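The values are calculated or read from the model by the stated rules, or taken from the named source; none is laboratory data. Given the structure is predicted, the values throughout are model-derived calculations rather than measurements. Glycine gets a Cβ as well: all are built from the backbone with ideal geometry, and neighbour counts include every protein chain shown.
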Amino acid sequence: MQRFAGTGLTYGDLPGANDGIVGYETLGCPVNFDDLQLPVAAERPGLPKEIQIVAFTPSSNLAVGEYRASISALTDQGDLEFIASRICGDTSKANLARVRHGKSVMPTCRPAGAAGGEVVTIGTVDWVFGLATNPAVARVTAKVLDHLLG
């Protein structure tokens, strides 16, 4: 899939930023940069070797008390505490700092090889917040669907 051809987007654009499409529950992976300074997935056990990062943006995991008022009903554990406890084993200050910052990625891959199907993951449950009101988000969605449905 050609990276966003025909969408009017270029490297560094943040479609949907004002709509909050990247927020709660995003997909991340370790990221390196190639010779052209484009993002590539760092090799890690469990990640498909042929994964391609189509888009990414920095993201932060929020702790209890840091959420917007609309979702501030969480009182015992925010994403930051949840991730630290699952990945690092506890919510010590050092572990909270370790998992505070990350990246939300939009990857594609063919886990069964060239003969298998292609997987495109938008990488956030809040994508729909920009779909109806943001033309760039709608164009990216259409581009992905056109590519997959060919």
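Overview of values
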quantity	calculated
Matching residues, segment 54-86, being at pLDDT 85 or above, under 15 Å from residue 26 (Cβ atoms) and in contact with a helix residue (DSSP H, G or I) (Cβ under 7 Å, 6 or more places away or on another chain)	80, 83
Test for residue 46: is it loosely packed, with under 13 Cβ neighbours inside 10 Å, at positive phi and either in a helix (DSSP H, G or I) or in contact (Cβ under 8 Å) with a residue 12 or more places away in the chain (or both)	no
Scan of segment 95-150 for residues that are outside any helix (DSSP H, G or I), surrounded by 18 or more Cβ atoms within 10 Å (Cβ to Cβ), among the aliphatic types (A, V, I, L, M) and in contact with a Phe, Trp or Tyr (Cβ under 9 Å, 6 or more places away or on another chain), ordered by number	105, 106
